[in-house]
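Peer 1: Here's a structure for you.
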Amino acid sequence: MLEVEDLAVHYGAVAAVSGVSLSVADGEAVALLGPNGAGKTSTLSAISHLVPCSGSVTFDGQRIDKMRVESIARIGLCHVPEGRRVFPSLTVNENLQVATSARAGRAPLFSIDDVYDLFPPLVGLTGRAGWALSGGEQQMVAIGRALVGSPRMLLLDEPSLGLAPIVVDAVFGALAQVRSQVPVLLVEQNTDLALDLCDRAYVLAEGRVVLSGSSADLRDDQALVDSYLGRRVLDA
């Protein structure tokens, strides 16, 4: 479904990503793990062409690394960036309705009502403006907005970041349902959550893939994973 080969991202003279290759099959959930500064967010941003890159990105057989950001979204590769980025002046319901324009003729995969079923805390907030939502509520809206866009694959960047444990549980409970219908490429600092949700993972360090394997194998090689991520990250 997604094939990334020899991806590189530079910010001036700084190489954020160097020669990253990865894949996500239809029906899979795959995690990108690594410490801060490893190049995880830059990798996702390059895939959706939010930052310039070299190398190749192929989505469902089509090269997309030269496509415009909005064109990539319209073919169904939907990116939920770090920081949520809901529309602050729009209500929860309006934020979700905006995403219908990204379907580009595809049949709806998730309706707005489906989003409220996945995220019950939003049910009583349909008329609340984005700026008045908590961080967890904004994260639910951001994910819900991507789902209403009828994604063929989701790119999720740090969905647990800054959230209370009870909210993290709610978000990842919803993602466990979503991943049965939509392939996922997940960037996540909480390694346990990521390996519970995903089939496979790649570990990045200093912009390169240093380790990859099934979630079960990476759990078995915990000491090796620790050496790249650090015990503090694993215990987050």
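Peer 1: Please go through the stretch 82-100 and give me each residue that is on the phi < 0 side of the Ramachandran plot, surrounded by fewer than 16 Cβ atoms within 10 Å (Cβ to Cβ) and under 20 Å from the mean Cα position of the chain (by Cα), ordered by number.
Peer 2: Within the stretch 82-100, 87, 98, 100 meet the criteria.
Peer 1: Follow-up question, since we're still on this one. How about the stretch 121-131: which of its residues are of a type in the set (Val, Ile, Thr) and assigned to a helix (DSSP H, G or I)?
Peer 2: The one that is of a type in the set (Val, Ile, Thr) and assigned to a helix (DSSP H, G or I): 123.
Peer 1: Are any of the residues in the stretch 175-198 farther than 26 Å from residue 42 by Cα and in a helix (DSSP H, G or I)?
Peer 2: yes
Peer 1: Also: Restricted to the stretch 179-200, and to residues that are touching a Phe, Trp or Tyr at 6+ places or on another chain (Cβ under 8 Å) and of a type in the set (A, V, I, L, M), which residue is modelled with the highest pLDDT?
Peer 2: Within the stretch 179-200, the match that is modelled with the highest pLDDT is 197.
Peer 1: Checking the condition more than 25 Å from residue 78 (Cβ to Cβ) and surrounded by 21 or more Cβ atoms within 10 Å (Cβ to Cβ), which residue from 218, 204, 185 passes?
Peer 2: So the residue among 218, 204, 185 that is more than 25 Å from residue 78 (Cβ to Cβ) and surrounded by 21 or more Cβ atoms within 10 Å (Cβ to Cβ) is 218.
Peer 1: With surrounded by fewer than 21 Cβ atoms within 10 Å (Cβ to Cβ), touching a Lys or Arg at 6+ places or on another chain (Cβ under 8 Å), closer than 23 Å to residue 209 by Cα and at pLDDT 90 or above as the only criterion, which of 54, 18, 23 stands out?
Peer 2: One residue alone meets the criteria, 18.
Peer 1: State which residue is surrounded by the fewest Cβ atoms within 10 Å (Cβ to Cβ) when the search covers only the stretch 101-127 and only residues that are among the hydrophobic types (A, V, I, L, M, F, W, C) and more than 24 Å from residue 164 (Cβ to Cβ).
Peer 2: 107
Peer 1: Is it the case that some residue within the stretch 128-146 is surrounded by fewer than 16 Cβ atoms within 10 Å (Cβ to Cβ), in contact with a Leu (Cβ under 9 Å, 6 or more places away or on another chain), within 25 Å of residue 24 (Cα to Cα) and touching a residue at least 40 places away in the same chain (Cβ under 8 Å)?
Peer 2: Within the stretch 128-146, not a single residue is surrounded by fewer than 16 Cβ atoms within 10 Å (Cβ to Cβ), in contact with a Leu (Cβ under 9 Å, 6 or more places away or on another chain), within 25 Å of residue 24 (Cα to Cα) and touching a residue at least 40 places away in the same chain (Cβ under 8 Å).
The values are calculated or read from the model by the stated rules, or taken from the named source; none is laboratory data. On a predicted model such as this, the values are computed, not experimentally measured, just so you know. Neighbour counts are summed over all protein chains in view; Cβ atoms, including those assigned to glycine, are modelled from backbone coordinates with ideal geometry.
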